[in-house]
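> Once you've had a glance at the structure underneath, I'll fire off some questions.
The values are calculated or read from the model by the stated rules, or taken from the named source; none is laboratory data. Everything quoted here is computed from the prediction, not taken from an experiment. For neighbour counting, all protein chains shown are included, and Cβ atoms are generated from backbone atoms with ideal geometry for every residue, glycine included.
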């Protein structure tokens, strides 16, 4: 495989993979060569009278035993690799993963939250434990470079969550995909895992902790740009004018006109504070023309709402 | 059609010209016919139509992925992409490959192979076809009006909450339509299964013991049991999902207390055995084709017959290998991984026996044989790549990636569909009393074979690199964009091959050279001993079997005797 | 293997009736029906395990008297259908018709009682509301997520299962009734004679299956408290 092996699991899993590739290639080539040579050797021209072999019990038994033995090995290697991916070391750092249509959110032990735009930042050579929670449909948390994948299930409060864990062995940025079809923007539900050297990570993490505890930044909650990612807005709305599932929020300003559909009727309204608030809390009442009413109502504090509106108007 | 009738009327009593009325009543004479041969052909016409349709949709899906969206390439918008792959999947699976060889050739051949006049319940058989047609129309209309975008697996809670777009401006619940359509199609399948089981137990002609049945009948028998025992479960599961969409209960929606994993269990309890419904009959067809063109007994008749049954049984116990990443317990994962490897054994037995059948044979080369050999080759790749999906650690890495899609197409398209095509070409003269153009069949084969591998090999590679399936577009890195480009070009070759093949078949049916030769390939089984095309009740007299189906030495003796008798 | 004897033009299928084959096919069909309800039972058992207290509370709201009455009616009808088959085999048409009529009446009585029970549940807004209405806030508060009066999830699931399972069962009763009415007419007109009693027997088997399923449904919904 060309894919980087960037976690402690990757090497073992790739070895199992190569073992199966070797077995498969051998049988595929052997049987194909045998069939093709038979077709040439025993064509009607060359071999007018067939030999009537009805079967051979010894052979039948042999080719029952061969697959049994080989697949037993495949099962065994697959199992021992797998069980490692399920046994989380005690010293693992817990980063909670939330997923929704179509965004990711990573919550660190110190309360720091990172959205899809920032991605997951982790230290190299240290185990990371990831409880996975979905707020709507089934997603799947997949980092191919680490060879891990686990479905992110919506679960009732208090239920046992699915989890994944890894220990990165290479510094760098790797893709995180959603691997379970989750709707229109499934292919955009991509973010990165940034693996930093330990010292660098410690510095970054300390900085974040300091920022969070300092009073005037309010835990980053009033930072509109951050909220835009954490609340998942980023999953459907662009800030650069590209049309996505939802309308782009570029150039939004008080007083400008907008065509909306209200209760099935098209009308033009002027954007004002109350329209913006309503668009966040009851988004499907006045629907921007040409879009489907799929946005979920947002649970926001007054402060958060204002921070978001300020950010939107700044775009 | 009336001209055709005249030209085919060389044996006055064949099943084509049982209609003497006006042209207006002609369609009804087919749609209300309880003749298993007519029903088989009607399945064939509708299924190959849907096959062509879904292949074109697949072409558009591939075209969409030719370049990454970041380069400004967009053939279909993301909002419709989901509907396109759902449409492709639903048509290919529920309307084409699931009824598959057992509906077309099974209906046509089972009574012929057993020396019977018809299936056990001819009227129920017609009802099955109506259910199929009704379900098919419902599904196609449903998705055209409402653009369901759940994929053919209908995984909740997405399938519960998705709001489908209405193309004509009115609210239309396309997903529920599809679910109900699948339920109706399911009943068609169940009734066919019951019909075939009873036919095999009760209608075999004199002397035909179970172990004198041709292998295609054996696979139909195994398939029928799966159809009868597995389909009701999924039927009711899909119905519950449909009810959940219109009423405020939450059988599978966690927001209302339901459990989406329970749905996946119930769905795969059926849908895993269902892949054996798709593949088993075509394994039977290959087991008919190989000994015929080799002119020697099939190697290991009993082990092939029993391995079909083994596949049908094992198929029930491995469903959860579709769910390794859903968070099942480690123990359950281990058990299902181990059981999954069990399937390798009967599959390997079949492949080894087929290739051994070629040994020291006397092979006459025909398009049907070529497709059958390609079937074995493709199916080997499909089966061997299945090992990666049985082994836990590699399976989790490859799960829900393009690798799975490629694996599935290798078994279902390179396997099942190639096998069905091989069978159709093999039995073409018997079914229509005409001969198709061999040259154009070979050309179609080359295009299909080359195009097939060009389309799906790149998908294996992308999947190994982790690219998830059902992506409208993909990250713009050279590996993905090169592979997607190659795959798209491959799909053009493949679809042109499919179209040429369909053209060859249609032209053969309408304008092919007329033949009345009973046994053009010199086959030893019963279905070739009747007239071409067969008479209404198949055989002119009650049949009796005195030897094994592929006993070519005995068959050659019979031929010598009858020639000698003819000279006297 | 075959000789060229041409038979006369046959235009219609010859009468082919294989009683053993028909019965075999019918048993297979009954199996599929069992599997169909089997899927329901699996779902029921899973949620009953998860939400046992809710299920018990909800079950208390169903009337055991009505349930028991219906059970007795169905059991009785199973007996009468057996008697009808018995007399059919003996060729006593009149008795066969009488017992078949009683069976049909029992089925109808079952449906009438069932419809009263269902009606009561509708009046309490417990089911058969459209999801769309609920989402727009027009439905019963008992079923509206987020409403303070909303039933616990386990109870919503219980009633959901109750309606869909008894509903599917009622549908089977209706199919059975139509079937037996057709048989009644055939026997009355003399189309169905003693030599084809197997057809009536299959009808009876179907009716037994419907009863059998009810025997399972009854304790699962009415008696778990």
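> As an exercise: evaluate residue B:562 against (1) outside any helix (DSSP H, G or I); (2) farther than 23 Å from residue B:300 by Cβ; (3) at the interface with chain C (Cβ under 10 Å from one of its Cβ atoms) and give the number of the one condition it does not meet.
(1)
> Could you tell me which numbered condition residue C:138 fails, if it satisfies all but one of (1) over 26 Å from residue C:46 (Cα atoms); (2) modelled with pLDDT under 80; (3) away from every other protein chain (no Cβ under 14 Å); (4) touching a helix residue (DSSP H, G or I) at 6+ places or on another chain (Cβ under 9 Å)?
In the conditions (1) over 26 Å from residue C:46 (Cα atoms); (2) modelled with pLDDT under 80; (3) away from every other protein chain (no Cβ under 14 Å); (4) touching a helix residue (DSSP H, G or I) at 6+ places or on another chain (Cβ under 9 Å), residue C:138 misses (3) alone.
> I've got another one for you. I'd like the residue in the stretch B:481-519 that is within 23 Å of residue B:86 (Cβ to Cβ) and over 21 Å from the mean Cα position of the chain (by Cα) and, out of all such residues, is farthest from the other protein chains (Cβ to nearest Cβ).
Looking at residues that are within 23 Å of residue B:86 (Cβ to Cβ) and over 21 Å from the mean Cα position of the chain (by Cα), I get B:492.
> Here is a further query. Quick one: in the stretch B:223-244, which of the residues that are closer than 15 Å to residue B:158 by Cα and within 7 Å of chain C (Cβ to nearest Cβ) is modelled with the lowest pLDDT?
B:243
Here is a yes/no grid of residues against (1) assigned to a helix (DSSP H, G or I); (2) in contact with a strand residue (DSSP E or B) (Cβ under 6 Å, 6 or more places away or on another chain):
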site	(1), (2)
B:321	yes, no
B:327	no, yes
B:336	yes, no
B:353	yes, no
B:365	no, no
B:368	yes, no
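> Turning to a different aspect of this structure: Out of (1) surrounded by 23 or more Cβ atoms within 10 Å (Cβ to Cβ); (2) more than 7 Å from every other protein chain (Cβ to nearest Cβ), what's the single condition that is false for residue B:373?
Residue B:373 satisfies all of (1) surrounded by 23 or more Cβ atoms within 10 Å (Cβ to Cβ); (2) more than 7 Å from every other protein chain (Cβ to nearest Cβ) except (2).
> Within the stretch A:50-70, is even one residue more than 10 Å from every other protein chain (Cβ to nearest Cβ), outside any loop (DSSP other than H, G, I, E, B) and in contact with a strand residue (DSSP E or B) (Cβ under 7 Å, 6 or more places away or on another chain)?
No: the stretch A:50-70 contains no residue that is more than 10 Å from every other protein chain (Cβ to nearest Cβ), outside any loop (DSSP other than H, G, I, E, B) and in contact with a strand residue (DSSP E or B) (Cβ under 7 Å, 6 or more places away or on another chain).
> Give the stretch B:334-355 a look and list any residue that's closer than 16 Å to residue B:307 by Cβ and within 7 Å of another protein chain (Cβ to nearest Cβ), or say none.
Residues satisfying the conditions are B:341, B:344, B:345, B:348, B:349, B:351, B:352, B:355.
> Of all residues in the stretch B:235-255, which are over 15 Å from residue C:44 (Cα atoms) and either free of Cβ contacts under 8 Å to residues at least 60 places away in the same chain or out of contact with any helix residue (DSSP H, G or I) (no Cβ under 7 Å at 6 or more places or on another chain) (or both)?
Of everything in the stretch B:235-255, those that are over 15 Å from residue C:44 (Cα atoms) and either free of Cβ contacts under 8 Å to residues at least 60 places away in the same chain or out of contact with any helix residue (DSSP H, G or I) (no Cβ under 7 Å at 6 or more places or on another chain) (or both) turn out to be B:235, B:243, B:247, B:248, B:255.
> For the stretch B:386-396, does any single residue satisfy the condition of being in a helix (DSSP H, G or I) and more than 11 Å from every other protein chain (Cβ to nearest Cβ)?
No, the stretch B:386-396 contains no residue that is in a helix (DSSP H, G or I) and more than 11 Å from every other protein chain (Cβ to nearest Cβ).
> A follow-up question, please. Are any of the residues in the stretch B:405-428 more than 22 Å from residue B:285 (Cβ to Cβ), buried (at least 23 other Cβ atoms within 10 Å of the Cβ) and either within 14 Å of another protein chain (Cβ to nearest Cβ) or in contact (Cβ under 8 Å) with a residue 40 or more places away in the chain (or both)?
Within the stretch B:405-428, one or more residues are more than 22 Å from residue B:285 (Cβ to Cβ), buried (at least 23 other Cβ atoms within 10 Å of the Cβ) and either within 14 Å of another protein chain (Cβ to nearest Cβ) or in contact (Cβ under 8 Å) with a residue 40 or more places away in the chain (or both).
> Hey, any hits in the stretch A:221-237 for a residue that's within 13 Å of chain B (Cβ to nearest Cβ) and either buried (at least 17 other Cβ atoms within 10 Å of the Cβ) or part of a loop (DSSP other than H, G, I, E, B) (or both)?
yes
> For the stretch B:136-161, name all the residues that are surrounded by fewer than 23 Cβ atoms within 10 Å (Cβ to Cβ) and either away from chain A (no Cβ under 14 Å) or over 20 Å from residue B:96 (Cβ atoms) (or both).
Hits for the stretch B:136-161 are B:137, B:138, B:140, B:141, B:144, B:145, B:147, B:155, B:161.
> State whether one or more residues within the stretch A:83-105 are crowded, with 16+ Cβ neighbours inside 10 Å, closer than 28 Å to residue B:341 by Cα and within 14 Å of chain B (Cβ to nearest Cβ).
yes
> In addition: Residues being surrounded by 22 or more Cβ atoms within 10 Å (Cβ to Cβ) and more than 11 Å from the chain's Cα centre (by Cα): count how many of those fall in the stretch A:188-218.
Number satisfying all stated conditions: 1.
> Sticking with this one: May I ask you to list the residues in the stretch A:276-304 that are in a helix (DSSP H, G or I) and surrounded by fewer than 17 Cβ atoms within 10 Å (Cβ to Cβ)?
A:277, A:278, A:281, A:302, A:303
> What number of residues within the stretch B:106-131 satisfy the criterion of being surrounded by 24 or more Cβ atoms within 10 Å (Cβ to Cβ), within 11 Å of chain C (Cβ to nearest Cβ) and in a helix (DSSP H, G or I)?
0
> Next question, about the same structure. Name the strands (runs of 3 or more DSSP E) wholly inside the stretch A:141-187 in which the number of residues that are under 22 Å from residue B:324 (Cα atoms), more than 7 Å from chain B (Cβ to nearest Cβ) and over 13 Å from the mean Cα position of the chain (by Cα) is 2 or more. Walk me through how you get there before you give the answer.
Working: elements: A:148-152, A:162-167, A:172-178.
Qualifying strands (runs of 3 or more DSSP E): A:162-167.
> Here is a list: A:3, A:41. Which entry is at pLDDT 90 or above and within 9 Å of chain B (Cβ to nearest Cβ)?
A:41
> Return the residues of the stretch B:457-480 that are assigned to a loop (DSSP other than H, G, I, E, B) and within 11 Å of chain A (Cβ to nearest Cβ); say none if nothing qualifies.
Across the stretch B:457-480, the qualifying residues are B:465, B:466, B:467, B:469, B:470, B:471, B:472, B:473, B:474, B:475, B:477.
> Before we move on, is residue B:540 part of a loop (DSSP other than H, G, I, E, B), facing chain C (nearest Cβ under 10 Å) and either surrounded by fewer than 17 Cβ atoms within 10 Å (Cβ to Cβ) or free of Cβ contacts under 8 Å to residues at least 24 places away in the same chain (or both)?
Yes, satisfied.
> OK, next. State all residues of the stretch B:543-554 that are buried (at least 18 other Cβ atoms within 10 Å of the Cβ), more than 9 Å from chain C (Cβ to nearest Cβ) and either assigned to a loop (DSSP other than H, G, I, E, B) or free of Cβ contacts under 8 Å to residues at least 60 places away in the same chain (or both); if no residue qualifies, say none.
Filtering the stretch B:543-554 for residues buried (at least 18 other Cβ atoms within 10 Å of the Cβ) gives B:543, B:545, B:548-552.
Keeping just the survivors that are more than 9 Å from chain C (Cβ to nearest Cβ) gives B:548-552.
Within the stretch B:543-554, B:548, B:549, B:550, B:551 meet the criteria.
> Read through the list (1) outside any helix (DSSP H, G or I); (2) buried (at least 18 other Cβ atoms within 10 Å of the Cβ); (3) touching a strand residue (DSSP E or B) at 6+ places or on another chain (Cβ under 6 Å), then give the number of the only condition that residue A:137 fails.
Evaluating residue A:137 over (1) outside any helix (DSSP H, G or I); (2) buried (at least 18 other Cβ atoms within 10 Å of the Cβ); (3) touching a strand residue (DSSP E or B) at 6+ places or on another chain (Cβ under 6 Å) leaves (3) as the failure.
> Restricting the first residue to the stretch C:69-93 and requiring it to be without any contact (Cβ under 8 Å) to a residue 24 or more places away in the chain, which pairs with a second residue that is assigned to a helix (DSSP H, G or I) meet a Cβ separation below 6 Å and a spacing of at least six or different chains?
The qualifying pairs are C:83/C:99; C:87/C:95; C:87/C:96.
> Check residue B:102 against each of (1) closer than 15 Å to residue B:45 by Cα; (2) surrounded by fewer than 24 Cβ atoms within 10 Å (Cβ to Cβ) and name the one condition it does not meet.
Only one criterion is unmet by residue B:102, namely (2).
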